[in-house]
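Engineer: Structure incoming, see below.
The values are calculated or read from the model by the stated rules, or taken from the named source; none is laboratory data. Model, not experiment: these values are computed from the prediction. Heads up, the Cβs are rebuilt from the backbone with ideal geometry, glycines too, and the neighbour counts pull from every protein chain shown.
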């Protein structure tokens with residue numbers, strides 16, 4: 001669609017609205033009209049933008065945060081009275097619209113914005129601007145020394161010419177009825193429905209096309225040709241023209257003699273008599289059937305692409321350059337909290353800073369697609385491995401305005417890949433640790449042999465402790481490897497829960513004392529019986545306790561570290577809590593601690609201990625939750641059913 005009036009390529013418009021979607025689509029419409037367009041999301045930003053961008057027209061919403069449209073209008077008219085302002089308002093804001101006109105607004109348009117209404121409004125405002133420019137040019141070019149009488153004569157001549165033009169137009173329009181009825185008139189050549197109406201709201205003449213489409217309607221009431229006008233009380237455009245003395249423009253529906261409805265855009269113009277009173281009204285209506293069909297097709301296409309966007313089997317988000325999320329598809333909304341307006345790294349990746357090598361920012365920089373793998377957490381707490389792709393979204397000038405990020409769930413694929421490839425990687429990464437343990441074994445044996453030869457009981461005792469420690473570490477590592485490498489069903493037995501938990505807790509007492517950490521055990525002897533695999537469950541609980549000791553291994557001045565393990569009965573379950581006041585974890589770490597090969601200990605951890613512990617608890621039908629804050633400590637809460645609800649774990653690798 002193009003503006004009917006001449007739109008110069010240097011004409012500028014500023015669009016101010018707090019709705020991103022309206023700014024984007026209405027901005028495209030204004031650019032299609034031929035304007036240079038800049039946008040702002042509120043009045044404050046608009047005033048800042050005026051420092052460098054000098055528009056001819058400002059189109060602004062009335063209701064906005066920070067500074068509303070009325071205040072913006074007053075500020076513009078105070079400092080830039082030459083700028084014309086068109087107000088956008090809702091149907092219920094008529095009082096505000098009238099107030100804006102009182103403050104010298106050029107026009108107001110109700111939402112939703114109709115392109116035709118916007119086009120006509122801009123046309124009128126541009127004509128006003130052009131007239132002002134012409135007046136300014138004429139004023140600036142007037143000779144200062146022209147005598148007053150000469151100027152008066154020129155002015156009178158202009159007025160006389162204008163009167164002659166008006167009289168000519170009046171005579172021409174007065175003959176319009178005769179022209180319409182004439183078979184050779186220009187009105188019959190127009191692809192429009194043309195009719196003439198008198199002041200009694202009767203149709204007195206029609207052109208050939210209207211007669212073919214609507215039948216012989218001469219002599220009928222003006223409102224009879226409309227499908228939704230039943231009497232003079234329901235004013236049609238012709239009646240409004242007689243009442244206001246001004247031409248009307250509106251969308252209406254004509255009805256044919258067969259009852260078929262024709263959507264039209266009606267343009268009316270008053271035809272005055274020589275005494276200045278309106279004698280007739282000219283009605284020119286354009287059939288909008290084809291345009292309506294094209295609009296319906298456009299809406300259908302938009303709906304189709306929206307469905308494709310929402311039903312795509314992946315998560316899709318559209319992001320701005322400042323990492324904020326502008327739009328997401330339905331699948332994204334179903335699995336994550338509403339993130340619109342928030343940053344991507346905080347909304348669904350739970351980070352305080354952007355991701356390293358962010359594909360979205362890389363696409364903004366070079367315009368190419370990029371990919372990365374990451375782990376995200378849904379609003380239900382489910383962790384998913386995602387393959388992320390980015391793609392640029394460009395405007396009509398080829399500039400990257402936003403980037404689309406598409407994330408595919410590859411959790412199952414990664415799980416299979418991990419089981420197929422990670423065993424060799426794990427063994428390789430552990431080689432140095434195993435080598436160190438073997439060296440420690442050699443040293444322990446040497447000290448033991450030396451102590452035996454010299455009959456030195458102290459040396460023998462120290463060597464024995466070293467050997468026990470190293471053998472325990474070797475045993476744990478081998479059991480972890482075997483557990484991961486081969487699927488193992490748990491073998492349960494019924495035992496006293498209190499004695500089992502107290503004995504398990506005691507295993508870590510020596511390590512806690514060596515680390516100078518206060519160790520508190522609050523487990524009653526009488527907790528009833530529980531059905532568990534004692535070997536695997538003991539290893540799982542010891543793993544949590546050892547991690548608690550490790551979290552307290554970087555002491556701060558004047559801080560006393562402590563570890564607490566407690567247990568209690570809750571109906572048919574036993575609740576076990578293991579807490580410390582050590583280093584703690586941020587949210588991203590909390591969400592990944594049960595992921596295979598993830599370790600917050602760096603080279604000191606293998607990344608499989610907590611993974612296996614979590615698997616063990618799940619095999620028993622239990623649940624585990626984590627509460628932790630950096631530098632505040634961590635609490636693991638484990639719920640175990642008294643009777644194990646044995647759940648099979650997926651076989652790690654089909655080849656083992």
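Engineer: From the list 458, 492, which residue is exposed (fewer than 13 other Cβ atoms within 10 Å of the Cβ) and modelled with pLDDT of 70 or more?
Structural biologist: Criteria check complete, one pass: 458.
Engineer: Is it true that residue 388 is part of a strand (DSSP E or B), at pLDDT 80 or above and under 28 Å from residue 629 (Cα atoms)?
Structural biologist: no
Engineer: Which residues, taken from region 198-220, are in contact (Cβ under 8 Å) with a residue 40 or more places away in the chain and either outside the structural domain of residue 233 (by TED's automatic domain parsing) or over 53 Å from the mean Cα position of the chain (by Cα) (or both)?
Structural biologist: The answer is 198, 199, 201, 204, 215.
Engineer: For region 232-245, give me each residue that is surrounded by 11 or more Cβ atoms within 10 Å (Cβ to Cβ) and in a loop (DSSP other than H, G, I, E, B).
Structural biologist: 232, 234, 235, 236, 245
Engineer: Which members of region 283-313 meet the condition of being closer than 20 Å to residue 403 by Cβ and surrounded by 16 or more Cβ atoms within 10 Å (Cβ to Cβ)?
Structural biologist: 309
Engineer: While we're looking at this one, here's another question. Go through region 320-379 and give me each residue that's in a helix (DSSP H, G or I), surrounded by 14 or more Cβ atoms within 10 Å (Cβ to Cβ) and more than 12 Å from the chain's Cα centre (by Cα).
Structural biologist: Selection gives 331, 335, 345, 346, 359, 360, 361, 362, 363, 364.
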